[in-house]
Amino acid sequence: MKYKYEFSFIELANGSKDLIINLPKEIELVTSFLFQMCGNEDWYIKGIVDVLSGHEEYQERDGEFYGLEIRKDFTRVHDVFDMGTECTIETSELKELIEIWEEESKKYII
C-alpha cells in the first residue's frame, strides 16, 4: 500500500459514532467516496477488476455522490455534483483501499 491510512471515529450530532478512514490530503476525496459506498463495494471492485484484467479498457461507476472513471493505471474519483472536486489515484491502490475499508467496516456493523 503506497498511501498511509488510519481509522478513527467521528461523533455525529445525535451522539452516535461513525467509522472513517483518514488518507493523505492528495487523495482525501477517496475518504468521502469510501464512506458513501454503502454496501456497493463488490460493484465498484468488479468495475476495477474488469479494467485491471484487460477485459474492459474503461469503466464508469457513479454512486449517489461520487463517481469513478476507471482506467488500467489510474482512476479519477469525482464529486458528481461539484465538477471541480476530483482526485486521481492508482487503480490498484484504490482497489486495495476499498478492500481494506470493506474489511474494517464489517467489524463495526451491528
Exercise for the section: Evaluate E = 1/(1 + (r/R0)^6) for residue 26 and residue 108, where r is the Cβ-Cβ distance and R0 equals 30 Å; express this FRET efficiency to the nearest 0.05. Expected result: 0.65
Completion exercise
Per DSSP, the loop-located GluC sites (Glu not before Pro) within the stretch 1-78 having at most 10 other beta carbons within 10 Å are 57
Handout entry: Loop-located trypsin sites (Lys or Arg not before Pro) in the stretch 1-69 whose Cβ has at most 11 other Cβ within 10 Å (DSSP)
Key = 2, 4
Practice task
Return the distance in nm (one decimal) between the two label points of a simple spin-label model at residue 82 and residue 100, each offset 7 Å from Cα along Cα→Cβ.
Solution key: 2.4 nm
Exercise for the section: Can you tell me the dipole magnitude for the chain around its Cα centre, using point charges on the Cβ only (Lys, Arg +1; Asp, Glu -1), in Debye to the nearest 20? Expected result: 260 debye
Exercise for the section: Take every Cα pair under 8 Å in the chain that's 6+ residues apart, average their separations, divide by the length, and report that relative contact order as a whole percent. Expected result: 20 percent
Problem - Calculated from backbone phi, Karplus (6.51, -1.76, 1.60) coupling profile of the stretch 35-50 in Hz, x at Gly/Pro - result: 4, 8, 4, 6, x, 9, 3, 4, 5, 5, 4, 4, x, 5, 4, 4
Exercise for the section: Just grab the label-to-label distance for residue 40 and residue 73, each label 7 Å out from Cα along the Cβ direction, in nm (one decimal). Expected result: 2.8 nm
Exercise for the section: Could you state the angle between the C-alpha long axis of helix 91-106 and the longest principal axis of the C-alpha atoms of the chain, as a value from 0 to 90 degrees rounded to the nearest 10? Expected result: 30 degrees
Exercise for the section: Just name one of 8, 91, 47: the one whose Cα is farthest towards the positive end of the charge dipole of the chain (beta-carbon charges, Lys/Arg +1, Asp/Glu -1). Expected result: 8
Exercise for the section: Only helical DSSP H runs with n ≥ 4 go in: add -39500 (n - 2.57) per run for the chain, normalise by residue count and round the 222 nm mean residue ellipticity to 500 deg cm²/dmol. Expected result: -10500 deg cm²/dmol
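Just so you know, all these numbers are worked out from the coordinates, no wet-lab data involved. Note that the structure is a prediction, hence the values are computed from the model and not measured. We place every Cβ from the backbone using ideal geometry, glycine too, and count neighbours over all the protein chains shown.
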